[in-house]
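Report on the structure given below.
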Amino acid sequence: MPQENASSSSTGLSAQAASARRPLRIALFGFGTVGSSVARILVESKAEDVELTHIFNRNVARKRVDWTPPNVVWSEDADAVLASDVDVIVELAGGLDPAGGWVRRALEAGKSVVTANKKLIAYHGVELERLAAAKGGHLKYGAAVAGGIPVIPGIEQGLAGDRIERMEGILNGTCNFILSKMEAGAEYATVLATAQAKGYAEADPTEDVGGFDARAKLAILMRLALRVVVDPEEIVPQPITAVTAVDFSYARDLGCTIRQVARAEESGGSVAATVGPMLVDKKSPMAWSRGTENMVILTGHYGGDVVFSGHGAGGHPTAVAVVSDLLALAHGSRRVAVPSAPARIGAEFEVPHYIRFLVDDRPGIVAEITGALARERINIRAIVQKPGYPAHALPFVVTVEPCKSSALKRALASISKMDCLLEEPLDLQMLE
Ligand SMILES: NC(=O)c1ccc[n+]([C@@H]2O[C@H](COP(=O)([O-])OP(=O)(O)OC[C@H]3O[C@@H](n4cnc5c(N)ncnc54)[C@H](OP(=O)(O)O)[C@@H]3O)[C@@H](O)[C@H]2O)c1
């Protein structure tokens with residue numbers, strides 16, 4: 001293994017890029033799925049502007065491969081790599097700790113950082129960007145949302161001239177894989193097991209199916225596109241786990257399918273944001289995305305809708321976004337720094353809802369439900385009951401005209417007291 005280069009000289013990126021005397025020296029922190037793909041692309045592309053010099057990982061011996069250049073330093077000593085003369089730390093270990101500490105120390109030293117770490121950026125992005133600016137380095141995270149789809153550079157560069165008012169996105173490939181397979185007839189448990197076997201879902205899938213991963217990504221996009229800094233914890237996600245085959249069947253009858261959607265809008269200073277399974281029209285682009293694909297639709301005040309779609313995860317697609325960030329740094333390309341301001345999520349979407357009930361049938365159920373909705377001034381759009389289900393476990397659906405979630409929640413709280421209900425009603429927003 002080559003010796004550590006423990007030189008403490010750390011030239012700032014600006015000086016480096018300006019002088020352009022040597023390629024940017026790159027240290028990878030984390031040689032897993034994405035890290036190894038980044039190394040592979042850097043090696044195969046023979047890019048002249050960037051040079052992979054260090055690879056850091058715990059127990060690094062088991063990570064070593066024979067296709068990296070012989071002068072690459074393989075290390076399990078983060079301190080030594082941070083103290084070396086690398087220009088850019090590429091953080092691909094994930095999580096808040098210790099990754100956040102490495103990123104801070106690199107920025108403190110005037111180095112630049114490229115990361116795919118959505119959690120770190122969602123919770124600490126503002127502070128880290130300030131640190132980077134203060135110390136003369138740069139922080140880039142184009143891979144942190146939607147993997148290989150250039151949504152972040154698209155917002156920062158291509159759409160900086162617009163005022164984005166609304167966004168909707170399929171931001172979690174695992175949920176999209178599960179829901180698009182369920183749309184084709186698979187059961188949740190079976191398709192989750194398949195996703196785990198294929199490496200799309202973690203052993204504990206809560207981050208994905210619970211909506212926590214998507215809300216971190218939504219918070220990042222809200223800062224860049226809507227220019228509001230929100231605490232991700234304020235976005236209350238709805239898990240996809242309550243969606244069943246019955247819901248896909250009813251959704252189909254309504255001309256829809258179901259996808260996990262993250263959406264946010266800003267209007268007159270008030271901000272609404274939500275993540276959860278939603279009914280999407282079969283004709284909408286959202287319904288086209290299948291498997292692990294991601295999609296983001298941004299609505300600009302001047303430019304109208306812009307749709308991004310493609311592979312939102314996977315080693316190679318995500319690595320493309322990381323390498324693109326590295327090349328942008330090497331070429332001195334700066335992001336358009338738009339001002340963003342702290343905001344609370346205080347507004348609600350006023351949208352139609354799909355509510356699925358599962359009841360032990362008896363006379364008067366529909367009258368009680370419609371009464372509770374009427375008391376909250378919620379108009380019913382349709383009541384749908386498919387034949388073929390037993391009366392003792394009867395699913396049926398009520399769709400309602402656009403209403404505030406809080407009003408519907410009050411109505412459902414009152415409906416939930418009905419003795420005939422076999423489970424909590426499933427309330428899904430309908431995306432129109
Ligand atoms: N995979 C994707 O499709 C994807 C898409 C978008 C964004 N991302 C983001 O990209 C980052 C990397 O994801 P990944 O899928 O490549 O993860 P991964 O396969 O688990 O790779 C992480 C690597 O970092 C190493 N590592 C983790 N903690 C470490 C520590 N404390 N000290 C030293 N080494 C450590 C791991 O070593 P061990 O082998 O010892 O665990 C592993 O080699 C994450 O932030 C993730 O959210 C991933």
Can A144 be described as modelled with pLDDT of 95 or more and within 15 Å of the ligand (Cβ to nearest atom)? yes
So is A319 within 16 Å of the ligand (Cβ to nearest atom), buried (at least 17 other Cβ atoms within 10 Å of the Cβ) and in a loop (DSSP other than H, G, I, E, B) or not? no
Here, helices (runs of 4 or more DSSP H) confined to the range 21-140 with at least 2 residues that are away from the ligand (no atom under 13 Å from the Cβ) and modelled with pLDDT of 95 or more are 33-45, 99-108, 118-135
Quick one: is I369 out of contact with any Leu (no Cβ under 7 Å at 6 or more places or on another chain), modelled with pLDDT of 95 or more and assigned to a strand (DSSP E or B)? no
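Residues checked against (1) hydrophobic (A, V, I, L, M, F, W, C); (2) surrounded by fewer than 14 Cβ atoms within 10 Å (Cβ to Cβ):
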position	(1), (2)
E44	no, yes
N57	no, no
W74	yes, no
V81	yes, no
E91	no, no
G101	no, yes
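Checking the structure you have, find out if any residue of the range 197-206 is touching a Gly at 6+ places or on another chain (Cβ under 7 Å) and within 16 Å of A146 (Cα to Cα).
The first filter runs over the range 197-206 and keeps only residues touching a Gly at 6+ places or on another chain (Cβ under 7 Å), leaving 200.
Applying the additional criterion that residues be within 16 Å of A146 (Cα to Cα) yields 200.
There is at least one residue in the range 197-206 that is touching a Gly at 6+ places or on another chain (Cβ under 7 Å) and within 16 Å of A146 (Cα to Cα).
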Where A264 falls short, out of the listed (1) under 30 Å from R130 (Cα atoms); (2) within 16 Å of the ligand (Cβ to nearest atom); (3) not β-branched (V, I, T): (2)
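Looking at G158, G199, G210, G173, can you tell me which residue is of a type outside the set (A, V, I, L, M), touching a strand residue (DSSP E or B) at 6+ places or on another chain (Cβ under 9 Å) and more than 22 Å from I258 (Cβ to Cβ)?
Exactly one residue qualifies, and that residue is G158.
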Which helices (runs of 4 or more DSSP H) does the range 196-313 wholly contain that include 2 or more residues that are without any contact (Cβ under 8 Å) to a residue 40 or more places away in the chain and not assigned by TED's automatic domain parsing to the domain that holds K119? 206-209, 285-288
If the Cβ limit is 7 Å and pairs must be 6+ apart or interchain, which residue in the range 94-117 that is touching a residue at least 60 places away in the same chain (Cβ under 8 Å) and closer than 21 Å to R334 by Cβ pairs with which residue that is more than 7 Å from the ligand (Cβ to nearest atom) and among the polar types (S, T, N, Q)? A109/S10; G110/S10; K111/S10
Based on what the data block shows, is L13 away from the ligand (no atom under 15 Å from the Cβ) and at pLDDT 95 or above? no
When you go through (1) more than 14 Å from the chain's Cα centre (by Cα); (2) within 19 Å of L298 (Cβ to Cβ) one by one for G148, which number turns out not to apply? (1)
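The values are calculated or read from the model by the stated rules, or taken from the named source; none is laboratory data. Note that the structure is a prediction, hence the values are computed from the model and not measured. Ideal geometry is used to build each Cβ from the backbone, glycine not excepted, and the neighbour counts take in all protein chains shown.
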